[in-house]
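This report refers to the structure that appears directly beneath it.
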Amino acid sequence: MTDTLSTTRQASIERTQRIRSGLRRRHMGEAIFRGLGLAAIVLALGFVALLFVDVVRKGVPAFTQSNLHLVVNFDPELLKVDPAPAPTAFASQAEYNAASLKWQRDVAMLNWNKVVEASLRAAAPAGFDIDSKQILTIAETDARHDIRELFVADPSLLGQTVDVDVLASANAANWIKGNIDRSLGDAQQQLSAPARALIDTFVENGTISNGFAWSIFTNVDSRAAPASAGLLGAFVGTLWMMLIVIVLAVPIGVAAAVYLEEFAPKSRWTDLIEVNINNLAAVPSIVFGLLGAAVFINYMHLPISAPIVGGLVLTLMTLPTIIIATRGALLGVSPALRQAALGMGASRTQMVFHHVLPVTFPSILTATILGIAHALGETAPLLLIGMKAFVASVPLTPIDQATALPVQIYLWQGNENRNFFEPRTAAAILVLLAVMIVLNGVAIYLRSRLEKRA
Amino acid sequence: MDMVAGKVKMTQQSVKSAMNPTDMLERPIRLTARDVTVHYGAKQALYGISIDIPDRAVTSFIGPSGCGKSTFLRCINRMNDTIEGAKVGGTILLDGEDIYDPALDVVELRARIGMVFQKPNPFPKSIYENVAYGPRIHGLARNKTDMDEIVISSLRKAGLFEEVKDRLNEPGTGLSGGQQQRLCIARAIAVGPEVILMDEPCSALDPIATAIIEELIDELRENYTIVIVTHSMQQAARVSQKTAFFHLGNLIEEGVTEDIFTNPVNKQTQDYIMGRIG
């Protein structure tokens, strides 16, 4: 009896020892795995941080613009034009319109560069030696339009002196911000030596000062006047596409998922459809662009470069994402809830719309917003449907020509004036990232809010 | 603690004295099942079940896990229709009407035959909305006052009103397990069913909540035909007047509860009741 007892005891001690000897290895395995996991996170975060630091470092300077404060004299000597026609002097509205149009044409034909040059010279130290061509490189080319528009709006300015803020040229901004190496010789500088000297003088005497670059948000793209190039057109184009994607992809995607998951009989056909939808989600986006060009533009004759086509293409791209996410969410609804509804005598449709969809709504919403955000960052398909055209207007309808934020980034990235557009590109990236962060934030906020309510 | 124990005891006593066996047998028959079979795909789950279920009494189905008692219960309100690949054969009559008649709308059937599930499954909505849902989809309330009345009386009948009257707008999922189950019973009652099916309604509850539900079942018997599936033989003995024993998809024996528990005819029933199988 004691013998068996001691053998059992012995066996138990041996077993414990065996377990103990393996423990070290087990703990080590665990520690290694944890270390690897941590390293993976550090690496991933490192890359993200690198991206952000780089973009922010490059982009933030682009949010300041160099303003040129000019005292403009609407000198009658330079502006030889008849007084603006007065409405009262004409018998009919049509006659007045014709005369007014003629006057505006006359105003436009005047050499406004002379006015700009005179204003610049007035700000320069007396007797500063610089020729007309050189001094005009300091102001952005659209400065003359700004000044002309002031005059068209108020013809009584003739002979008066007015303070006007215009933008310094992109080259001047480069010089001021140090985007270009100051030690380079004249041959490699965009601006002549006198112009560079005058710019420095202007900065010293306060004629040029830096301010927040509202122009990025309020202006459309521009090639002739790079300093005034802005994102408004691209932003509105993106908004139109977002609207189209939301209006089309969300209802179609959710309805398709609900039908497949809740109503369709399980058969070989539904399996086939499911496989195809999953594959569709993995189709390269450029293929969707090709499809858009072939179907929407070539066959359906929708306008080229229009947000309607972009929106349709992105809808096609987003649909599989929304369908898959919605099906996943529906699949996750507990059978107890379905049984409860059916057991109460709810029809299948009532079960879906009264109980299943409300419960899954937060996750469907989140997935949808993320899908849309993903689509809005898409560039490749838009290139193929003409949305990389240079468009210098805000699209007022979805069939107007437009571009989109990511495409604008692509376009600026390719601009010849590297020194000026590299920061601009980074700034545009920051704006796009901000839009994405806002969308994601909305998704997170809505999700937590709706889940709390449920 | 003492009070609770007293309550449990009282429940048992009140149930025991409920109805005498001969009385039970004279009750009119509400539900009749003849040769009911169920296949899940190639697998047969039920073999020719025939049973009569008396009006305004509690009938319990007992048997070991997987014996087909829940499957049969789910045939009675056609919940098996919702399972892919399930095929039901034979006939089930509710007041002489075939419930598998293609002309009969399953929505109407489920309004007449309510169901309470194993795990309390209130809707993730307010207590009020939980109870009001059935009457709303079936169009039973003409106006808000009507609806309030239905909700309150249903909660009262389920013995829950006093506990929740101050928080009708709070989510039903915030209640305790036992309260949730009573809410589910109130929800079923609100539609005014004739039959209530209960699929192991107490298996997820603690003994105290169980005792309260059992007492409730006993009260509901006055007005409803109740069929209850239970794992617990004690529960079947306490609450039911008629008991049916299922084993491996067959109905082995049925009869007045007292008879089944005191002198079962079949050997398998005997073994199960004595705890030798199951």
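The values are calculated or read from the model by the stated rules, or taken from the named source; none is laboratory data. All of these numbers come straight from a predicted model, not from anything done at the bench. So basically every Cβ, Gly included, is an ideal-geometry build from the backbone, and we count neighbours across all protein chains shown.
Things worth noting here:
- Taken together, the residues in the range A:239-269 that are crowded, with 20+ Cβ neighbours inside 10 Å and either touching a strand residue (DSSP E or B) at 6+ places or on another chain (Cβ under 9 Å) or aromatic (Phe, Trp, Tyr) (or both) amount to 1.
- Some residue of the range B:140-147 being modelled with pLDDT under 95 and either crowded, with 23+ Cβ neighbours inside 10 Å or of a type in the set (S, T, N, Q) (or both): yes
- Residue in the range A:267-280 that is touching an Asp or Glu at 6+ places or on another chain (Cβ under 6 Å), in the same structural domain as A:ILE308 (by TED's automatic domain parsing) and not hydrophobic (A, V, I, L, M, F, W, C) present: no
- Selection of the range A:208-219 for residues being surrounded by 22 or more Cβ atoms within 10 Å (Cβ to Cβ) and modelled with pLDDT of 90 or more yields only A:ILE208.
- Checking A:GLY46 against (1) farther than 30 Å from A:ALA195 by Cβ; (2) over 39 Å from the mean Cα position of the chain (by Cα), the condition it does not meet: (2)
- Taken together, the residues in the range A:95-130 that are surrounded by fewer than 17 Cβ atoms within 10 Å (Cβ to Cβ) and either part of a loop (DSSP other than H, G, I, E, B) or acidic (Asp, Glu) (or both) amount to 9.
- Failed condition for A:PRO381, given (1) farther than 25 Å from A:ILE277 by Cα; (2) of a type outside the set (A, V, I, L, M, F, W, C); (3) in a helix (DSSP H, G or I); (4) away from chain B (no Cβ under 14 Å): (1)
- The C-beta contact set for the range A:247-262 (first residue in the same structural domain as A:THR349 (by TED's automatic domain parsing), second residue in a helix (DSSP H, G or I) and charged (D, E, K, R), distance under 8 angstrom, 6+ apart or interchain) comprises A:ALA257/A:ARG327; A:LEU260/A:GLU274; A:LEU260/A:ARG327; A:GLU261/A:ARG327; A:GLU262/A:ARG348.
- Taking the listed residues B:ILE113, B:ILE137, B:ILE92, the one that is surrounded by 18 or more Cβ atoms within 10 Å (Cβ to Cβ) and either hydroxyl-bearing (Ser, Thr, Tyr) or more than 10 Å from chain A (Cβ to nearest Cβ) (or both) is B:ILE92, with no other qualifying.
- Residue among A:LYS58, A:LYS133, A:LYS80 that is among the charged types (D, E, K, R) and either in contact with a Pro (Cβ under 6 Å, 6 or more places away or on another chain) or assigned to a strand (DSSP E or B) (or both): A:LYS58
- For the range B:30-81, the set of residues classified as aromatic (Phe, Trp, Tyr), over 13 Å from B:VAL229 (Cα atoms) and surrounded by 15 or more Cβ atoms within 10 Å (Cβ to Cβ) consists of B:TYR40 only.
- Residues of the range A:225-249 that turn out to be part of a loop (DSSP other than H, G, I, E, B) and under 26 Å from A:ILE385 (Cβ atoms), as a count: 3
- Taken residue by residue, the range B:192-214 has at least one member that is in contact (Cβ under 8 Å) with a residue 24 or more places away in the chain, farther than 27 Å from B:PRO64 by Cβ, out of contact with any strand residue (DSSP E or B) (no Cβ under 6 Å at 6 or more places or on another chain) and within 12 Å of chain A (Cβ to nearest Cβ).
Listed here are the residues, each with its yes/no results for (1) in a helix (DSSP H, G or I); (2) among the polar types (S, T, N, Q); (3) more than 8 Å from chain A (Cβ to nearest Cβ).
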site: B:ILE53; (1), (2), (3): no, no, yes
site: B:PRO64; (1), (2), (3): no, no, yes
site: B:ARG74; (1), (2), (3): yes, no, yes
site: B:TYR100; (1), (2), (3): no, no, yes
site: B:VAL107; (1), (2), (3): yes, no, no
site: B:GLU129; (1), (2), (3): yes, no, yes
site: B:ALA132; (1), (2), (3): yes, no, yes
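- With respect to the conditions (1) among the charged types (D, E, K, R); (2) within 20 Å of the chain's Cα centre (by Cα); (3) surrounded by fewer than 17 Cβ atoms within 10 Å (Cβ to Cβ), B:GLU84 falls short on a single one, namely (2).
- Scanning the range A:157-168 for any residue that is over 30 Å from A:ASP82 (Cα atoms) and assigned to a loop (DSSP other than H, G, I, E, B) turns up nothing.
- Within the range B:164-190, the set of residues being more than 14 Å from chain A (Cβ to nearest Cβ) and buried (at least 16 other Cβ atoms within 10 Å of the Cβ) comprises B:VAL164, B:LEU168, B:LEU175, B:GLY178, B:GLN179, B:ARG182.
- Looking across the range A:55-71, the residues that are within 16 Å of the chain's Cα centre (by Cα) and β-branched (Val, Ile, Thr) come down to A:VAL55, A:VAL56, A:VAL60.
- Against the conditions (1) in a loop (DSSP other than H, G, I, E, B); (2) among the charged types (D, E, K, R); (3) more than 8 Å from every other protein chain (Cβ to nearest Cβ), B:LYS87 satisfies every one except (1).
Per-residue answers, yes or no, for (1) touching a helix residue (DSSP H, G or I) at 6+ places or on another chain (Cβ under 7 Å); (2) more than 30 Å from A:GLY328 (Cα to Cα):
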| site | (1), (2) |
| --- | --- |
| A:ALA224 | no, yes |
| A:ALA227 | yes, yes |
| A:GLY230 | yes, yes |
| A:PHE235 | yes, yes |
| A:THR238 | yes, no |
| A:VAL245 | yes, no |
| A:LEU248 | yes, no |
| A:PRO251 | no, no |
| A:LEU260 | yes, no |
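- Out of A:LEU314, A:LEU319, A:LEU365, sole residue that is over 17 Å from the mean Cα position of the chain (by Cα), at pLDDT 90 or above and either assigned to a helix (DSSP H, G or I) or assigned by TED's automatic domain parsing to the domain that holds A:GLU261 (or both): A:LEU319
- A:PRO194 free of Cβ contacts under 8 Å to residues at least 12 places away in the same chain and either farther than 28 Å from A:ILE409 by Cβ or assigned by TED's automatic domain parsing to the domain that holds A:LEU136 (or both): no
- Flag if B:LEU160 is in contact with a Lys or Arg (Cβ under 9 Å, 6 or more places away or on another chain), over 15 Å from B:ALA209 (Cα atoms) and more than 14 Å from chain A (Cβ to nearest Cβ): no
- Among (1) within 14 Å of another protein chain (Cβ to nearest Cβ); (2) in a helix (DSSP H, G or I); (3) in contact with a Pro (Cβ under 8 Å, 6 or more places away or on another chain) - the single one B:PRO124 does not satisfy: (2)
- Restricting A:ALA294, A:ALA336 to those that are within 27 Å of B:LEU197 (Cα to Cα) and either part of a helix (DSSP H, G or I) or within 14 Å of chain B (Cβ to nearest Cβ) (or both) reduces the list to A:ALA336.
- Residue within the range A:173-180 that is closer than 30 Å to A:ASP82 by Cβ, in a helix (DSSP H, G or I) and in the same structural domain as A:ASN210 (by TED's automatic domain parsing) present: no
- Qualifying residue in the range A:331-347 (condition: touching a strand residue (DSSP E or B) at 6+ places or on another chain (Cβ under 9 Å), in the same structural domain as A:ALA380 (by TED's automatic domain parsing) and at positive phi): yes
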